[in-house]
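Every number here is computed from the coordinates shown, using simple stated rules; none is lab data. Just so we're clear, the structure is a prediction, and the values are computed from it rather than from any experiment. Neighbour counts are summed over all protein chains in view; Cβ atoms, including those assigned to glycine, are modelled from backbone coordinates with ideal geometry.
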Amino acid sequence: MWNQRYDEKGYAYGTAPNDFLKSECFRIPKGGRVLCLAEGEGRNAVFLAKQGYAVTAVDQSSVGLEKAKTLAIDNGVEISTIIADLVDYDLGKEIWDGIVSISAHVPPELRRKLHNQVVNSLKRGGVFILEAYTKRHLEMDGSGGPPPSQKELFMSLDELKHELNGLDFLVGAEIERNISEGKYHQGESAVVQVVACKKA
Ligand SMILES: C[S@@+](CC[C@H](N)C(=O)[O-])C[C@H]1O[C@@H](n2cnc3c(N)ncnc32)[C@H](O)[C@@H]1O
């Protein structure tokens, strides 16, 4: 499904970074190593590379990451890309200064395992930034997010607090906001936003 989507002309979620990431990335230690989970066509990874971070983008879609590399070249920066299913991907131990998860909706069991790895793989002082759709999005006018048939893929602040136990929450909110990201994320949307850091 994702390779098919990314095979379309243009960038499915645009080439500009996610607004929340753009406003909060200053909290990631300067010049640090950042991992972008489920990064797709690379808009967030390329933005972070332009801010001076050493960025690795992981996604299961080869087509998406190929476009991410092109976007990086077009912007005069380098990013590392890893084609992997997050089911198998090992995030490592205390190696990342920042981890970013934007609209990375995976099944709950995998999400719990992944978020446990996020806690373990951040360095002390490292920062996790997440924005994802909440169930409430199904009542909104905006596009984007998992389909109604896969409600279990939505996220909530309560679940995230539990899954990210071990991190200190600097931001944790469920909000409604207008999103304009390419063709597939448009309009009034309900999202959860998290910035959480590992104690130095
Ligand atoms: C809505 S897109 C978001 C892409 C990117 N984070 C952004 O904000 O532009 C969701 C992405 O999650 C990726 N994805 C979903 N399940 C995955 C998995 N199990 N392993 C790796 N990537 C996955 C898809 O390939 C897709 O690129």
Please give the Cα centre distance for segment 70-106 versus segment 142-167, rounded to the nearest Å. 20
Any idea how far apart residue 183 and residue 139 come out in nm if each label point goes 7 Å out from Cα toward Cβ? 3.1
Which order, highest average first, do 34-41, 120-127, 82-89, 140-147 follow once you tally other Cβ atoms within 10 Å for each residue and take the mean per peptide? 34-41, 120-127, 140-147, 82-89
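From largest to smallest, what semi-axes in whole angstrom does segment 31-150 give when each is the square root of 5 times an eigenvalue of its alpha carbon gyration tensor? Mind showing how you got there, number by number?
Working: eigenvalues 107, 69, 36 Å².
Semi-axes, largest first: 23, 19, 13 Å.
If you average 1/r over all unlike Cα pairs in segment 124-164 and invert the result, what Kirkwood radius do you get in angstrom?
Numbers: mean 1/r = 0.0853 Å⁻¹.
With all distinct Cα pairs of segment 124-164 included, I get 11.7 Å.
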Among 93, 22, which comes first, then next, by fewest other beta-carbon atoms within 10 Å? 93, 22
What's the magnitude of the charge dipole for the chain around its Cα centre, counting Lys and Arg as +1 and Asp and Glu as -1 at the beta-carbon? Answer in Debye, nearest 20. 580
Given charges at Cβ of Lys, Arg, Asp, Glu: segment 4-67 dipole, positive-most of 21, 32, 45: 32
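Percent of Cα-Cα pairs more than 21 Å apart in the chain, please.
On the way: 9548 of 19900 pairs.
Here the long-distance tail beyond 21 Å is 48 percent of all Cα pairs in the chain.
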Rounded to the nearest 5, what % of the DSSP beta bridges within the chain are antiparallel ones? 50
Whole-number D in µm² s⁻¹ for segment 29-93, Kirkwood Cα-pair radius fed into Stokes-Einstein, 10 °C, 1.306 mPa s: 137
Extension gain residue 116-residue 3, at 0.36 nm per residue separation less the Cα-Cα distance, in nm? 37.9 nm
Unit Cα scatterers, Debye sum, segment 110-200: log10 I(q)/I(0) for q = 0.10, 0.15, 0.19 Å⁻¹: -0.28, -0.60, -0.87
Enumerate the lysines that residue 30 could reach by cross-link, defined here as Cα to Cα under 21 Å, with residues fewer than 8 away along the same chain left out. 22, 50, 93, 123, 198, 199
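Using only helices, what value at 222 nm comes out for the chain when you add -39,500 (n - 2.57) per DSSP H run of length 4 or more and divide by the total residues, to the nearest 500 deg cm²/dmol?
Working: 6 runs with 53 residues, N = 200.
Theoretical 222 nm ellipticity from helices: -7500 deg cm²/dmol.
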